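The values are calculated or read from the model by the stated rules, or taken from the named source; none is laboratory data. All figures in this text were calculated on a predicted structure; none of them were measured in a lab. Here Cβ is always computed from backbone atoms with ideal geometry, including for glycine, and neighbour counts include all displayed protein chains.
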């Protein structure tokens, strides 16, 4: 069973935990991470969501998931990357882009700079059906796709547009 720390309206832990699927009380949130893995060529590693997923099955997306109880955002980003793709990245490869507040969660958007190969990827069964690299234009098309209206709100799209316009690879050295 997956447990989540409950956050207050400002994003601070309240000391309360719930299990995945348990109802939130008014003013409660949990933390989610999105990880955009970028290689030396400025390409993004994306994954096709499993057809068995309840949300956006079969859609090309980025690594993402809920932060577990006791984890911080970075630890959650590292764990999700390892779980979904079998890729172990050190914390120094990650750069926090922004935090967005949604209806029941905060989403921390991370860039992870690593020159991984598709041969390095071990896809998590039931989560990921396929992986590939795309350039910044293709990534922008995915983020602005009509398939994402509920999951990629305007502020998310604007934050990622800024990243895509200013790709700089500080953690690749």
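Just the residues that are surrounded by fewer than 11 Cβ atoms within 10 Å (Cβ to Cβ) and assigned to a strand (DSSP E or B), please, taken from the range 1-38.
Of everything in the range 1-38, those that are surrounded by fewer than 11 Cβ atoms within 10 Å (Cβ to Cβ) and assigned to a strand (DSSP E or B) turn out to be 15, 19.
So, restricting to strands (runs of 3 or more DSSP E) that lie completely within the range 71-144, which ones have at least 1 residues that are in contact (Cβ under 8 Å) with a residue 60 or more places away in the chain and farther than 18 Å from residue 160 by Cα? Talk me through it step by step, then tell me what you get.
Values: elements: 94-101, 105-113, 128-134.
Here the list reads 105-113, 128-134.
Filter the range 47-56 down to the residues that are at pLDDT 90 or above, within 22 Å of residue 106 (Cα to Cα) and part of a loop (DSSP other than H, G, I, E, B) and list them by number.
53, the sole residue that qualifies.
I'd like the full set of residues that are within 24 Å of residue 137 (Cβ to Cβ), touching a residue at least 60 places away in the same chain (Cβ under 8 Å) and in a loop (DSSP other than H, G, I, E, B), limited to the range 57-70.
Across the range 57-70, the qualifying residues are 58, 59.
If you take the residues of the range 14-30 that are within 21 Å of the chain's Cα centre (by Cα) and in contact (Cβ under 8 Å) with a residue 60 or more places away in the chain, which of them is nearest to residue 4 (Cα to Cα)?
Result: 30.
Taking the stated definitions as given, is residue 63 closer than 21 Å to residue 144 by Cβ, within 14 Å of the chain's Cα centre (by Cα) and at pLDDT 95 or above?
So residue 63 passes the test.
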